[in-house]
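Have a look at the structure below, then the notes.
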Amino acid sequence: MAEPRVVVVGGGYAGATIATSLDAVADVTLVEPKDSFVHATGALRAAVDVAWEDRVFFPYDHLLARGRVVHAYAQAVTSTQVRVSAGRVVDADYLVLATGTAYPFPAKFIESDVLVAKARLVRLREALRGARSVMIVGAGPVGLELAGELSSAFPAIDLVIVDQAEDVLTTGDYLPVLRSTIRSQLEARGVSFALGSPLGYLPPVDVGVFAPFTVHTRAGRRIDADLWFRCYGNQPVTDYLVGDLAGARLPDGRVAVAPTLNLRGFPSVFAIGDITDVPESKRASAAIAHAHVAAANIRALIEGGEPVTVHEPAAELVVLPLGPDGGASQLLGPDGTRHVLGASETSAMKGADLYSTAMAELFGAVPRAAD
Ligand SMILES: Cc1cc2nc3c(=O)[nH]c(=O)nc-3n(C[C@H](O)[C@H](O)[C@H](O)COP(=O)(O)OP(=O)(O)OC[C@H]3O[C@@H](n4cnc5c(N)ncnc54)[C@H](O)[C@@H]3O)c2cc1C
């Protein structure tokens, strides 16, 4: 009997994990336009430190032992077919949607060719070497993390973080001490904040490009800077859903999933990672957990069983490094109480390695721990 065909659309944290997990039991095709996986968690470090490029970009060549990676955009996807170009369709017995979210450079990339993505990073670092002032728009985790990387690597740059909210980190359930710890560490490095008023207009230049500009907040504060970064606006990528799946797209671009992570009404179509409407913060760790749940359910279906594995959202946490040595984290204790840890613990948990060793293992860049 022919092997069941599993088509995974999107090779980020979720897609790469499930493709690897099912490679031994199914005929797996991973559809992913990029020639290299981008480890977004480490991307902001690579923006300031060339040595990190090899810990952020991992070629897909060694991901699958039996299956294949088709380097193309999925253009039109129904429950049984993925069209990758005008003349090419990939048929699926089981379909996994894992196309994640788009986010501005340098946290994520639109470039499919790693050489082009790296060239953009080279230009950015050159621009930063010549810059005296940088504006970051968005005082959420990404904006703050970027401020941490920039202030660690380029301490002479004047950094200002702008946000319409009155404080940093206002979109999550964070303790005031987390906010004040992050703010005071950044202020100690000379970072300033323009909070409580949105920009009246965005700079008329692309992000990460040296092109001095002046902008004003609506409250009238003038900001002069040499380059800027946009650190808000995580956009789910699901515009390729058509035919019987066209209705699966929610107004915000996400897709609704059952606890077993299949699309409601479609037992053989799963969605995992940032594109799902699972009520939890969007994290790589959650995307990987989704991949294991969906893989277990597809394996059960292949074996003629029922999909019974359900996803339980993990405890909310934030681990927010400010460069390799700084930052703070908010974790949930076993008794349900939230507590905040400081710079050294945050560095040990994430800041020093940024989970890059685990991704290098997944992509065969270093031997897997279980090998
Ligand atoms: C700066 C930064 C730091 C972060 N730090 C952490 C952290 O410390 N811990 C943590 O848990 N999370 C972190 N996150 C969040 C984490 O990166 C996301 O939750 C994660 O990327 C979601 O994984 P995913 O597989 O759903 O999607 P993605 O990683 O976004 O992958 C989606 C993939 O789909 C591909 N794709 C898109 N469109 C198509 C198409 N039409 N056809 C085929 N393929 C397509 C893309 O090329 C991409 O490879 C961070 C995010 C950022 C931006």
Completion exercise
The simple spin-label model distance between Ala153 and Ala72, using points 7 Å out along Cα→Cβ, in nm, is 3.6
Handout entry: Under 16 Å from the Leu317 label point (7 Å along Cα→beta-carbon), backbone N, the stretch 343-366
Key = 343-356, 358
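Using 0.36 nm per residue, how much length does the chain from Asp54 to Arg338 gain when fully extended, once their Cα-Cα distance is taken away?
Details: separation 284, 0.36 × 284 = 102.24 nm, distance 3.51 nm.
Fully extending the segment from Asp54 to Arg338 adds 98.7 nm.
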Practice task
In whole Hz, with x marking every Gly and Pro, tabulate ³J(HN,Hα) for the stretch 313-321 from phi via Karplus 6.51 cos²θ - 1.76 cosθ + 1.60, θ = phi - 60°.
Solution key: x, 6, 4, 5, 8, 9, 10, 10, x
Handout entry: Relative contact order (percent, whole number), the stretch 152-212, Cα cutoff 8 Å, 6+ residue spacing
Key = 48
Problem - Cα long-axis angle, helix 176-188 against the chain (0 to 90 degrees, to the nearest 10) - result: 60
Practice task
Using DSSP, restrict attention to beta bridges with both residues in the stretch 120-257 and report what percent are antiparallel, rounded to the nearest 5.
Solution key: 30
Handout entry: Expected 222 nm ellipticity per residue - DSSP helices of 4 or more, -39500 (n - 2.57), all of the chain, to 500
Key = -7500 deg cm²/dmol
Handout entry: Label-zone membership for the stretch 227-265, site Arg129, 7 angstrom Cα→C-beta point, backbone N under 19 Å
Key = 227-228
Practice task
Compute the long axis of helix 141-153 from its Cα atoms, compare it with the longest principal axis of the Cα atoms of the chain, and write down the angle in degrees, 0 to 90, nearest 10.
Solution key: 60
Practice task
Round to a whole angstrom and tell me the spacing of the C-alpha centers of the stretch 126-162 and the stretch 1-67.
Solution key: 30
Handout entry: Degrees separating the helix 114-130 axis from the principal Cα axis of the chain, which is the longest one
Key = 10
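Just so you know, all these numbers are worked out from the coordinates, no wet-lab data involved. Worth saying up front: this structure is predicted, and the values here are computed from it rather than measured. Note that each Cβ is placed from the backbone with ideal geometry, even for glycine, and that neighbours are counted across all protein chains shown.
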